[in-house]
Each structure stands twice: as structure tokens, then as C-alpha cells.
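The structure appears below as C-alpha cells.
Every number in this text was worked out from the coordinates using simple rules, so none of it is lab data. In this text the structure is predicted, and so the values were computed from the model without any measurement. Don't worry about glycine lacking a Cβ; one is built from the backbone with ideal geometry, like all the others, and counts go over all protein chains shown.
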Amino acid sequence: MKELGIYVHIPFCKQKCYYCDFVSYTSKETEKERYFKALQKEIETQKNEIDRVTTIYIGGGTPSMANKEEIQKILDMIKQNYIVEKEAEITIEVNPGTVDEAKLEAYKKAGINRLSIGLQSTKNELLKKIGRIHTYEEFLTCYQLARKVGFKNINIDLMLGLPNQTLRDIEESVEKIIKLNPEHISFYSLIIEENTPIEKMLEEKRIALPSEEIERTMYWKAKKALERSDYIHYEISNFAKQGYNSKHNTNCWKQKEYLGFGVSAHSYQNKKRYCNTSSIIEYCQNNEEGKSQNNQVICEIQTEEERRKEYMLLGLRMLEGIDVQEFKHKFIQNPLYLFHQELEKLVKEELIEVDLNQIKLTNKGLDFANLVWEQFI
Ligand SMILES: C[S@@+](CC[C@H](N)C(=O)[O-])C[C@H]1O[C@@H](n2cnc3c(N)ncnc32)[C@H](O)[C@@H]1O
Ligand code: SF4
């Protein structure tokens, strides 16, 4: 029995944040109802009673925009059509300002055991500047309610490199969040995506970003403060208390299989990467007509060589790096010989360090992480 992850995409947001290019819409209630019906059809159609589901991740968009009954129904459908382990990690993404106590209680009752709350910054002025719908105080209410109803595994999303963000802002955000003691913190560097309002605002010089040097200083300051408070930096953008690494994401970085349901959701199975259509109309129509398969496009059929390369790239995202023995076990090849030339080049540039057991990023490599991926490919 293979291990399997399930991702469910909920493509609705109250308002689009200026930096975000995730597939999400500010749709009407009737469109949402239609989508949830289509989603249930897809979950049923893909039925799998062979593999062992160890993680479920309900992401978006803003899944907490959905009625609690819709989320309950989706989880029931998954449990009816797949073998979900009793101890499975079940996460839902939550946006402050879209949940109340009753919703959080319903999540808990439905078996959700991990919350991921999008905050980005503790400074209200900054939140407004990036188009967030909530204040820091509203986030605090959401966090405290989540604790009150009994959530014991909470992630908070933060961002660095935001327009006009200062080192002091980062220090303040980190100090305040550490005091709350969440089990997991994701710290993302702002990426300027094409065709987003923030890109336009930058072009028109209505906002300015911190320099690359300041952005890197922010990263290292945040990293050090979090590590001093017993958060383990286990992936480029992720920190967790001992035992609280995100299982769902870790499995993706370890190249384990997952099924994605919903518009634009990705799947990885049998050495193939699939992607669902990003047109919500097409997605709903195909499911309504019993043609769920038509929503899927094969993005990649991997050769063994491609699989090995991808495993290396994904593995380097994690601070513990690539375990040479694990690689040998999976691919019956030694990565130290197989990638001899690439590794030597990266070692010379001090971007990675290599010994007989492990291949991992150096501090310089962490700073140049994006560059490393490109050099590898
Ligand atoms: C799907 S959203 C999380 C849930 C919810 N929609 C919210 O925003 O609160 C996932 C996270 O990705 C990060 N993110 C989104 N767009 C980003 C970008 N352009 N650059 C860096 N991080 C980004 C944000 O931290 C966000 O919380
Ligand atoms: S960051 Fe979250 S809330 Fe904002 S638009 Fe993207 S998915 Fe929606």
C-alpha cells in the first residue's frame, strides 16, 4: 500500500490581495454552490481504495470562505472513497475575518487537526498596503478562538520583503508571533508575480520594495530569532517546533504521490504530473457531464533521469538536505557519482556541502536558493 496525499483547492477569496496570483475568484454564492457539487463529483470519480491517505490539505484561495457544511461534506466524501489513516494530518487554510467559533468547532468535529492562518505581518498599515482584508487584532481573535476550541497544531504565514517594510517591522512581527507560540511558522519572501496589482504599483513607482540586501538581512534576523525560540528551520521558508513539520508538504518535497482535486489542482502519480484546468466554468461543466478526466492535462511524464534530478532539487529545499542512503534505496544509484559534476561545481561556489551521507545547502546556498535550482536544471 502506497502512501498518498490529497490536496483540495477552494478557489474563492473575499478580495484579491495585491501580490497574489493563486487561482481564486470573488464569486457569487450560486457559483460557489455549483463548484462544490463539481468538486464532490471529482472526488467520487477518482475513488482509490488501494493507497493509504496520510495527509489531506484544503488550500486556496480561502477555504474558510466556504460554509462549514461544505467542508464537512468534502471530508466525508474523501473518507467514503479513500482509505484515510486514523492519524492522518488534515490541514485547512484560514484567513482571519472569514471564521468564527462555530466554524472552527465544525472543522475540529470534521477531523481537521491542523490550521494554517494567513497573517503576513502584524503591522496594520502594511496589511492594508498589500490588500489584506483583516487587521492584526482580527488575526489575534481568530488565533485565540482556534486555541479555545482545541487546535493544537497551528501554522502562521508571514511575509518578508513587503513594500516599505523595515527591519524593525520584521523584528516586531517575529517577537509578537513567538509570544503566541504557534507550532509552525511559514516565512515567505515576496515574489512579484506577473500581472498582479503589486507589479503595476511598482512599475508606476507608487510603492518601493526593500533592497535585496535588506530583504536578506530580514530573513537572517527572522531565522535567528525563531531558532533562539526553539523553532527548527527545516525548509527554506518553514520553521516548526520539534515534531510539527508539515507532513503534507514534506511528503511533496520527498517526491511522494498526491492527488489534487479542484480547479488548477496538481497531482503526482505513477511518475506523471497532472494539472486540472484553471477555468472554473470548464471544471464545473466537465464534472457535471461525468467527464472529470477531461479537466486533467498531463504536464510531465518523468523519465528515471528526470525523477532523480527532481528528487535532488526538492531535497535541497529541506535544511537536512538529501540523505545519500535514501537516494540509493529509492533509485539504486549513488547520487555522489551520478551528479558528480554538478555537485563539484556547487561545492566550489560554496552553495552546497557534501559528505558521504548528506548533500545540503550552505548558508550562502540558502540565500541563493533560487539560483541553485536553476544551476541544477
Ligand atoms: C493560499 S494563501 C493562504 C491562505 C489564505 N488565502 C490567506 O491568504 O490567508 C498561501 C500563502 O502564500 C503566501 N503567498 C501568496 N502569494 C505570495 C507571493 N506572491 N509571494 C510570497 N508569498 C505569497 C502567503 O503567505 C499566503 O498566506
Ligand atoms: S493571499 Fe490568500 S486571501 Fe489573498 S488573494 Fe491569495 S489566496 Fe486569497
Starting from the Cα of LYS47, step 7 Å along the direction of its Cβ; do the same at GLU204; then give the gap between the two resulting points in nm. 5.3 nm
Taking a cut-off of 22 Å between Cα atoms, list the lysines near LYS28, but don't count ones fewer than 8 places away on the same chain. LYS14, LYS16, LYS37, LYS41, LYS68, LYS73, LYS103
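Could you list PHE187, PHE327 so that the one with the fewest beta carbons within 10 Å of its beta carbon is first and the one with the most is last? Intermediate values should be presented prior to the final figure.
Working: PHE187 24, PHE327 21.
Listing PHE187, PHE327 from fewest to most nearby Cβ atoms yields PHE327, PHE187.
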In a shell of Cβ-Cβ distance under 12 Å around THR166, excluding THR166 itself, what net charge do Lys and Arg (+1) and Asp and Glu (-1) give? -2
When the chain is modelled as a GNM with alpha-carbon springs shorter than 10 Å, which of ARG317, ARG168, ARG273 fluctuates the most? ARG168
Considering only the chain, percent of DSSP beta bridges that pair antiparallel, nearest 5: 40 percent
Once you place label points 7 Å from the Cα toward the Cβ at GLU33 and TRP220, how far apart are they in nm? 5.7 nm
Check SER189: other-chain or 5+ apart residues with amide H under 5 Å from its amide H, H built from backbone geometry? LEU160
May I ask you to list the trypsin sites (Lys or Arg not before Pro) in the range 83-163 that are in a DSSP loop and have at most 16 other Cβ atoms within 10 Å of their Cβ? LYS152
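Which value, in nm² and rounded to one decimal, describes the direction-averaged projected area of the C-alpha convex hull of the chain? Provide the component values of the computation, followed by the final result.
Numbers: hull surface 74.8 nm².
Convex hull of Cα atoms, orientation-averaged projection: 18.7 nm².
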Virtual paramagnetic centre 7 Å along Cα→Cβ of THR26, amide N under 16 Å, in the range 91-127: 98
Note down the nm distance, to one decimal, between modelled labels 7 Å out along Cα→Cβ at GLU87 and at LYS176. 3.7 nm
Under 21 Å between alpha carbons, and skipping anything fewer than 8 positions from LYS309 in its own chain: which lysines qualify? LYS254, LYS256, LYS271, LYS272, LYS328, LYS330, LYS345, LYS348, LYS360
What length, rounded to one decimal in nm, is gained on full extension from GLN341 through to THR141, with 0.36 nm per residue of separation minus their alpha-carbon distance? 66.7 nm
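Between GLU350 and LYS152, 0.36 nm times their residue separation minus their Cα-Cα distance comes to what? Don't skip to the end; give the middle numbers.
On the way: separation 198, 0.36 × 198 = 71.28 nm, distance 3.94 nm.
Using 0.36 nm per residue and subtracting the Cα-Cα distance, I get 67.3 nm.
Of SER229, SER116, SER211, SER264, how do they rank once you tally other Cβ atoms within 10 Å and put the fewest first? It would help to have the intermediate numbers written out before the result.
Values: SER229 16, SER116 23, SER211 10, SER264 19.
Ordered by Cβ neighbours within 10 Å, fewest first: SER211, SER229, SER264, SER116.
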Which ordering of LEU366, LEU104 is given by a fewest-first count of other beta-carbon atoms within 10 Å? LEU366, LEU104
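Please give the FRET efficiency for ASP230 paired with LYS291, using the beta carbon to beta carbon distance and R0 = 35 Å, rounded to the nearest 0.05.
Details: r = 51 Å, r/R0 = 1.45.
So, using R0 = 35 Å, E works out to roughly 0.10.
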